[in-house]
1. State whether the residues of the range 230-237 include one that is among the aromatic types (Phe, Trp, Tyr), under 28 Å from Ala84 (Cα atoms) and modelled with pLDDT of 95 or more.
2. With the condition kept exactly as written, say whether any residue in the range 299-308 is in contact with a helix residue (DSSP H, G or I) (Cβ under 8 Å, 6 or more places away or on another chain) and surrounded by fewer than 23 Cβ atoms within 10 Å (Cβ to Cβ).
3. Kindly list the number of the only condition in (1) more than 18 Å from the chain's Cα centre (by Cα); (2) at pLDDT 95 or above; (3) not small (Gly, Ala, Ser) that fails for Arg367.
4. Within the range 31-49, count every residue that is at pLDDT 90 or above and part of a helix (DSSP H, G or I).
5. Please state which of the following conditions Gln95 fails to meet, knowing it meets all the rest: (1) touching a helix residue (DSSP H, G or I) at 6+ places or on another chain (Cβ under 6 Å); (2) modelled with pLDDT under 90; (3) surrounded by fewer than 18 Cβ atoms within 10 Å (Cβ to Cβ).
6. Give the residues of the range 319-346 that are part of a loop (DSSP other than H, G, I, E, B) and over 13 Å from Val172 (Cα atoms), sorted by residue number.
7. Just give me the residues in the range 119-134 being touching a helix residue (DSSP H, G or I) at 6+ places or on another chain (Cβ under 6 Å) and at pLDDT below 70, in sequence order.
8. Residues in the range 5-19: is at least one at pLDDT below 80, touching a helix residue (DSSP H, G or I) at 6+ places or on another chain (Cβ under 7 Å) and of a type in the set (Phe, Trp, Tyr)?
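The values are calculated or read from the model by the stated rules, or taken from the named source; none is laboratory data. Keep in mind it's a predicted model, so treat the numbers as computed, not measured. For neighbour counting, all protein chains shown are included, and Cβ atoms are generated from backbone atoms with ideal geometry for every residue, glycine included.
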Amino acid sequence: MDVKAQRYGRRVTLKDVAAAVGVAPSTVSNAYNRPDQLSEALRGRILATAERMGYAGPDPRARNLRRGTSTTIGLVYPSRLSYAFTDPMAALFIQGVAEEVERYGYGLLLVGGPSDDPAEGAPQGAPAQRAPVDGFVLHAFSDDDPLYTSALARKLPTVLVDNPSATDLPCVAIDDAAAAASAAEHLLALGHHELGVLSLELTLDALGGIIGPERQAQARYRATRERLAGYRRAVTAAGLSWEDHVVVVESLDNTVDEGRRGARLLASHRPRPTALLAMSDQLAFGALAFAHEEGLSVPGDLSIVGFDDVPSAARSNPALTTVHQPTVRKGREAGRLLLAALRGEGASARVWLPTELVVRASTGPPRASTR
């Protein structure tokens with residue numbers, strides 16, 4: 001290291017080592033990358049000289065650049081990058097992708113959407129345009145998100161998650177409509193006829209608040225669109241009018257605070273819903289928090305069903321009835337499909353994962369039905 005500092009005054013290069021040993025630069029490269037091309041004695045002399053000079057070996061970034069690869073997967077999220085570290089579902093999905101790709105020596109680069117106050121003039125799709133990756137996993141985008149379209153425009157091997165109808169690319173998804181219908185059917189079977197829906201965002205520019213059929217029809221996120229359709233299917237199959245017996249609140253974000261706010265809006269509606277269908281466990285936890293703050297009994301005064309079955313759903317008070325989806329497995333499958341695409345395999349693979357309604361203590365018959 002002293003030699004490096006005193007003699008070179010800069011980072012020691014492969015050429016410096018070659019000059020010190022008296023061999024060609026390609027011979028030094030072979031000492032690291034093709035040791036079978038050198039005698040043991042020559043390779044040992046090269047490595048000893050390199051260590052003495054403070055040379056750590058060829059730069060992997062330069063090697064990957066020559067090969068046209070980065071050995072890095074880009075996981076692109078529609079939300080702010082910081083959101084991935086606060087939402088349990090996002091963390092579980094990232095875990096699954098990472099578990100799969102790291103087995104094959106790949107790194108994982110998280111690419112998020114712009115902040116609420118992006119840099120002036122910065123294009124919204126820029127993070128995907130600049131990402132130094134070999135391929136993308138695109139997770140749950142709005143149909144018209146610039147980040148989504150920018151990533152697709154790169155023409156890299158790509159796997160879609162929860163956007164299966166968008167293109168013929170490989171994808172991983174669940175049947176959101178069927179899963180949502182099972183949640184609504186559970187409440188209807190218990191005797192609930194007045195329902196509230198805590199909806200995820202419908203579009204990039206969420207409006208928030210109670211929304212009618214016209215706004216509901218504008219949903220651009222597939223999961224939101226399909227879950228609304230599933231709830232509606234169950235309600236109409238039970239002989240009830242969607243417009244007369246269901247009130248929908250659009251959330252501005254998938255957070256506990258938004259769930260609390262939405263539950264408060266639904267509680268002020270007349271007739272007041274006796275049960276809530278939340279499109280995520282985060283929103284359901286917010287509804288539980290609202291019920292506790294208002295002194296409402298769950299499920300006596302208000303039944304609540306979530307969606308996702310994050311680990312804390314079984315530990316909430318009361319334990320949350322929710323739709324289980326295998327989120328870690330979803331991430332693993334996305335990673336597996338992308339690695340296959342990078343090898344030129346499985347160009348149009350489709351993986352549909354199962355869901356299951358997990359009934360716990362947060363749902364029961366409405367009080368009126370027990371009198």
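1. Taking the range 230-237 and keeping what is among the aromatic types (Phe, Trp, Tyr), we get 231.
The next check asks that each one be under 28 Å from Ala84 (Cα atoms); those that pass are 231.
Still in the list and also modelled with pLDDT of 95 or more: 231.
Checked against the condition, which is being among the aromatic types (Phe, Trp, Tyr), under 28 Å from Ala84 (Cα atoms) and modelled with pLDDT of 95 or more, the range 230-237 yields at least one hit.
2. The first filter runs over the range 299-308 and keeps only residues in contact with a helix residue (DSSP H, G or I) (Cβ under 8 Å, 6 or more places away or on another chain), leaving 300-308.
With surrounded by fewer than 23 Cβ atoms within 10 Å (Cβ to Cβ) added as a condition, the list becomes 300-301.
Looking through the range 299-308, at least one residue is in contact with a helix residue (DSSP H, G or I) (Cβ under 8 Å, 6 or more places away or on another chain) and surrounded by fewer than 23 Cβ atoms within 10 Å (Cβ to Cβ).
3. (2)
4. Qualifying residue count, the range 31-49: 10.
5. In the conditions (1) touching a helix residue (DSSP H, G or I) at 6+ places or on another chain (Cβ under 6 Å); (2) modelled with pLDDT under 90; (3) surrounded by fewer than 18 Cβ atoms within 10 Å (Cβ to Cβ), Gln95 misses (2) alone.
6. Kept after step one, since they are part of a loop (DSSP other than H, G, I, E, B), are these residues of the range 319-346: 319-320, 325-326, 343-346.
Answer for the range 319-346, where residues must be part of a loop (DSSP other than H, G, I, E, B) and over 13 Å from Val172 (Cα atoms): Ala319, Leu320, Arg343, Gly344, Glu345.
7. Gln124, Gly125
8. Applying the first criterion (at pLDDT below 80) to the range 5-19 yields 5-11.
Okay, now just the ones that are also touching a helix residue (DSSP H, G or I) at 6+ places or on another chain (Cβ under 7 Å), so 8.
Those still in the list that are of a type in the set (Phe, Trp, Tyr) too: 8.
The answer is yes; a qualifying residue exists.
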